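Novice: Below is the structure I would like to discuss, written out as structure tokens.
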Amino acid sequence: MTAVLGVLLVAAVAWKGYQLSRAPADLPLRSVTLCLVSAALAFPFGTGPGARAADGLLGAGAAELLQNVLLLCCVYFLMCFYLHSAALDPARGRRRARLELVPLGLAAGLAAVSMAATPPGARGGTYDTADMQIAGVAGFYLSAGLYLGYALAMALWWTYRYIRLSQGSLATGLRLTAVAMAAMVLADVVRQVFVVVRWAGGPDESPLLTGANLTLSIAVPVFVIGVSYPGAATRIAALRLWWRHRRAYHRLRPLWAALHQAFPEDELTRVPTRPWGDRLLLRGVHRRYYRRVIECRDGLVRISPYLARPDADGEEEGARDAAPPARPEPSESWAADLAARLRAALHDHAAGAPAPSRVAPSKAVLLPMPAEETLEGDARQLVTLSDAFHAAAR
């Protein structure tokens, strides 16, 4: 569980850091990023090697103090996310965030004073092993725990309000975050009650306390997943679109190559400023995909006079023969017929034969149009035609 949490924190910090680098003025995003950074910085001090290193370098109890102060900062920045998101005026959100620094500073200060007042020999324990009958130890955990509970409860209240206004992946992420924070608040309340119980001489162990610790260990990774889920879901959707465009780009090649050979002057020749980056970045694939779709459509418009054939009455019927039904999506039959005619038309064009259309060869003739009037619908029909065109060459 510890290793999984560490990996989740590193991945979440990297992802939010990347987002923040693209929108540095986004205050809610900055707050979420700082929340995750604080949690990631606190994480090593909760592990055995990290705690021993900090205590050996800074003195007994340093790891526990640093971990708790960073966790206080974590929930403070979480609260700031909602303060900035809810504020109609950014200046008002910043003022409220500055006001919330007061209880944060008080809690961190009391924790530091309590740790300093604790004898060095009693500072090295954790919550489970610490001697709560020592006033400094009890004060340390009580001051930190009370602020954690306050900040988490405030954030939970705001999260609940936002869930009702959200939908999709954002609502899912907020629900996960809310469940995690509710579990954290519940576990924190139990732990604070047992601080008082143990300070008063009560037992150090209890099934209720064990359950609270287990709940807390599960809630933390769920919280990290909830915070990261909306962005991850958006990125996964973007990757699916990238993969679909990449496949369509390659499937369009047979049609594009034939039309490009016939009309090389129609190529959109804008060269990207960073060729390697254009190949590696997601938007580079989208750019090449849309360019190929446009070039294929332009080529079909240019060759369309060669695709028209007069009917028995001498009327143009290219549009009727070539056009697919509007509903359902065009079947393979129209594509196979048009692909065969297209090959013949390209051959006639290359041989310099006159267009069979009685209109001027430069005037376009109606060709298959997408069932829905969108570029993606147009692209789907072009891909179908390209597949049929490629199959006809075998």
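Novice: Please determine, by comparing only the residues of segment 1-25 that are without any contact (Cβ under 8 Å) to a residue 60 or more places away in the chain and in contact with a Ser or Thr (Cβ under 9 Å, 6 or more places away or on another chain), which one is nearest to G93 (Cα to Cα). It would help to see each step written out before you state the result.
Specialist: Narrowing segment 1-25 to residues without any contact (Cβ under 8 Å) to a residue 60 or more places away in the chain: 2-3, 6-7, 10, 13-14, 17-18, 20-25.
Now narrow it down to the ones that are in contact with a Ser or Thr (Cβ under 9 Å, 6 or more places away or on another chain): 2, 6, 13, 17, 20.
Details: T2: 35, G6: 31, V13: 23, G17: 22, L20: 18 Å.
By that ranking, first place goes to L20.
Novice: Only one of L78, L156, L106, L110 is hydrophobic (A, V, I, L, M, F, W, C) and buried (at least 23 other Cβ atoms within 10 Å of the Cβ). Can you tell me which? Quick ask: steps written out before the conclusion?
Specialist: Numbers: L156 fails: buried (at least 23 other Cβ atoms within 10 Å of the Cβ); L106 fails: buried (at least 23 other Cβ atoms within 10 Å of the Cβ); L110 fails: buried (at least 23 other Cβ atoms within 10 Å of the Cβ).
Answer to the selection: L78.
Novice: Restricting to segment 113-127, what's the tally of residues that are surrounded by 15 or more Cβ atoms within 10 Å (Cβ to Cβ) and among the hydrophobic types (A, V, I, L, M, F, W, C)?
Specialist: 2
Novice: Of the residues Q19, Q67, which single one is of a type outside the set (A, V, I, L, M), assigned to a helix (DSSP H, G or I), assigned by TED's automatic domain parsing to the domain that holds R161 and within 22 Å of T215 (Cα to Cα)? It would help to see each step written out before you state the result.
Specialist: Working: Q19 fails: within 22 Å of T215 (Cα to Cα).
Going through Q19, Q67 in turn, just one is of a type outside the set (A, V, I, L, M), assigned to a helix (DSSP H, G or I), assigned by TED's automatic domain parsing to the domain that holds R161 and within 22 Å of T215 (Cα to Cα): Q67.
Novice: Looking only at segment 145-186, count every residue that is under 19 Å from the mean Cα position of the chain (by Cα) and charged (D, E, K, R) and tell me the total.
Specialist: Residues that pass the stated criteria total 1.
Novice: Tell me yes or no: at least one residue of segment 161-184 is of a type outside the set (G, A, S), free of Cβ contacts under 8 Å to residues at least 24 places away in the same chain, under 21 Å from L72 (Cβ atoms) and part of a helix (DSSP H, G or I).
Specialist: For segment 161-184, residues of a type outside the set (G, A, S), free of Cβ contacts under 8 Å to residues at least 24 places away in the same chain, under 21 Å from L72 (Cβ atoms) and part of a helix (DSSP H, G or I): absent.
Novice: Taking only segment 48-57 into account, find how many residues are under 24 Å from F77 (Cβ atoms) and either surrounded by fewer than 15 Cβ atoms within 10 Å (Cβ to Cβ) or of a type in the set (A, V, I, L, M, F, W, C) (or both). Explain how you work it out, then say what you get.
Specialist: As a first pass, look at segment 48-57 and keep what is under 24 Å from F77 (Cβ atoms): 50-51, 54.
Among the residues that remain, those that are also either surrounded by fewer than 15 Cβ atoms within 10 Å (Cβ to Cβ) or of a type in the set (A, V, I, L, M, F, W, C) (or both) are: 51, 54.
Of the residues in that region, 2 qualify.
Novice: Determine which single condition R94 fails, assuming it passes every other condition in (1) touching a residue at least 12 places away in the same chain (Cβ under 8 Å); (2) buried (at least 18 other Cβ atoms within 10 Å of the Cβ).
Specialist: Evaluating R94 over (1) touching a residue at least 12 places away in the same chain (Cβ under 8 Å); (2) buried (at least 18 other Cβ atoms within 10 Å of the Cβ) leaves (2) as the failure.
Novice: To continue, here is another question. Can you pull out the residues in segment 128-149 that are in a loop (DSSP other than H, G, I, E, B) and crowded, with 20+ Cβ neighbours inside 10 Å? First the steps, then the outcome.
Specialist: Quick first cut of segment 128-149, residues in a loop (DSSP other than H, G, I, E, B) only: 128-134.
Within segment 128-149, A130, M132 qualify.
Novice: From the list P370, P361, pick out the single residue that is closer than 15 Å to L300 by Cα, under 33 Å from the mean Cα position of the chain (by Cα) and either at pLDDT below 80 or of a type in the set (F, W, Y) (or both).
Specialist: Numbers: P361 fails: under 33 Å from the mean Cα position of the chain (by Cα).
The unique qualifying residue is P370.
Novice: Right, next: Test E295 against the criterion of being in the same structural domain as Q261 (by TED's automatic domain parsing), at pLDDT below 70 and either assigned to a loop (DSSP other than H, G, I, E, B) or surrounded by 19 or more Cβ atoms within 10 Å (Cβ to Cβ) (or both), and give yes or no. Show your work before the answer.
Specialist: Details: in the same structural domain as Q261 (by TED's automatic domain parsing): yes; at pLDDT below 70: no; either assigned to a loop (DSSP other than H, G, I, E, B) or surrounded by 19 or more Cβ atoms within 10 Å (Cβ to Cβ) (or both): yes.
Taking the combined requirement at face value, the residue does not satisfy it.
Novice: If I filter segment 37-55 for residues that are at pLDDT 85 or above and farther than 29 Å from A112 by Cα, do I get at least one hit?
Specialist: no
Novice: Here is a check on your reading of the model: is R52 part of a helix (DSSP H, G or I), more than 24 Å from L216 (Cβ to Cβ) and assigned by TED's automatic domain parsing to the domain that holds L101?
Specialist: Details: part of a helix (DSSP H, G or I): yes; more than 24 Å from L216 (Cβ to Cβ): no; assigned by TED's automatic domain parsing to the domain that holds L101: yes.
Considered against the rule, which asks whether it is part of a helix (DSSP H, G or I), more than 24 Å from L216 (Cβ to Cβ) and assigned by TED's automatic domain parsing to the domain that holds L101, R52 comes out as no.
Novice: Does A151 meet the test of being small (G, A, S) and either touching a residue at least 12 places away in the same chain (Cβ under 8 Å) or under 22 Å from L34 (Cβ atoms) (or both)? Full working, then the answer.
Specialist: Working: small (G, A, S): yes; either touching a residue at least 12 places away in the same chain (Cβ under 8 Å) or under 22 Å from L34 (Cβ atoms) (or both): yes.
Spelling it out, A151 is indeed small (G, A, S) and either touching a residue at least 12 places away in the same chain (Cβ under 8 Å) or under 22 Å from L34 (Cβ atoms) (or both).
The values are calculated or read from the model by the stated rules, or taken from the named source; none is laboratory data. Since we're looking at a predicted model, the values are computed, not measured. So basically every Cβ, Gly included, is an ideal-geometry build from the backbone, and we count neighbours across all protein chains shown.
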